[in-house]
Amino acid sequence: MEENQNLSDSEKDISNKEVISSLKKKNWKSYFKEFFMLFLAVFCGFLAENYRESLSAQKIEKEYILSLVEDLENDQINLNNYITDLHIGINHMDTLITLLSDKEQLKLNVNHFYYLGRIAPRLITFSNNSRTFDQLKNSGGFRLIKSKEASDQIMTYYNLIPFIRQLEDVHTQEFESFKEIGAKIFEPSAFRMMESEDGQINQASTLQSLRTDNGELLKELGIYAVYMNGTRRGILPVEEQLRTNGAALIKYLKQKYEIE
């Protein structure tokens, strides 16, 4: 019985050694396998997450570009109207300056002079749509624009607008001086007669007269008219360049991002 017990214990001892040996071998391989599987899982997860982020970034980038193209197309409509108004305003101002330079012609065309004195100095500021550009700039969205060429062209377009604003501010200052001198020359009642109920300005049908035909005041008014017209002539080529850049940028972005 004792012999059987000893044999059993011996067998158990041999068995335990075999198990331990087996576990040691199994652990080494198991650890390596587990490490490899874990590494593979993490790496695949990393790739999948990067892929999802890449798809998400591309989608956001495309949405920004679509919105930007819409803004640019809206600008093109406004620019066409604005440039047309600039040409008309420059022609009106040229006529006004001519009348101020010739007192005889001024007397013969006093009603037209009143009309030009009221509408020629007006300059409607260019209204551009920069909502998407402002979002890109303020939220750090430009990092999503992967194409450096696209970013450069966008910046080139929008960098022209501050210069236009500066010229418009100069025109506003010149207009203030023009009005100050004009208040000494024009009859306010004549200006009121030119206003229609719908807010339009029309040339008076009855003969009007000036408060004064003082030559020095007329020349001073003419000087500010020349200043304003010069500023408008400075704005015009910048607006035309902005329109050209905008049209080219729209075409480029549509091709680059496959926009219909």
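Taking THR172, is it more than 21 Å from the chain's Cα centre (by Cα) and polar (S, T, N, Q)?
Taking the combined requirement at face value, the residue satisfies it.
Among the residues of the range 225-245, is any buried (at least 17 other Cβ atoms within 10 Å of the Cβ) and more than 25 Å from ASN91 (Cβ to Cβ)?
Checked the range 225-245: at least one residue is buried (at least 17 other Cβ atoms within 10 Å of the Cβ) and more than 25 Å from ASN91 (Cβ to Cβ).
Give the range 72-108 a look and list any residue that's of a type in the set (D, E, K, R), farther than 16 Å from ILE164 by Cβ and assigned to a helix (DSSP H, G or I), or say none.
Correct list: GLU73, ASP94, LYS103, GLU104, LYS107.
Just one of (1) in a helix (DSSP H, G or I); (2) farther than 30 Å from PRO188 by Cβ; (3) not hydrophobic (A, V, I, L, M, F, W, C) trips up ASN128, so point out which.
If we test ASN128 against (1) in a helix (DSSP H, G or I); (2) farther than 30 Å from PRO188 by Cβ; (3) not hydrophobic (A, V, I, L, M, F, W, C), just (1) comes out false.
Of all residues in the range 111-125, count the ones that are part of a helix (DSSP H, G or I) and surrounded by 21 or more Cβ atoms within 10 Å (Cβ to Cβ).
The qualifying residues number 5.
Listed residues GLU168, GLU216, GLU180, GLU197; which is touching a residue at least 60 places away in the same chain (Cβ under 8 Å), surrounded by fewer than 19 Cβ atoms within 10 Å (Cβ to Cβ) and of a type outside the set (Phe, Trp, Tyr)?
The unique qualifying residue is GLU168.
Kindly indicate whether LYS179 is modelled with pLDDT of 95 or more, among the charged types (D, E, K, R) and part of a loop (DSSP other than H, G, I, E, B).
No; evaluated as a whole, the condition is false for this residue.
Could you identify the single residue in LEU86, LEU123, LEU79, LEU99 that is touching a residue at least 12 places away in the same chain (Cβ under 8 Å), touching a His at 6+ places or on another chain (Cβ under 9 Å) and closer than 15 Å to LEU236 by Cβ?
LEU123
The values are calculated or read from the model by the stated rules, or taken from the named source; none is laboratory data. Computed from a prediction, not measured in an experiment: that's the story for all the values here. We place every Cβ from the backbone using ideal geometry, glycine too, and count neighbours over all the protein chains shown.
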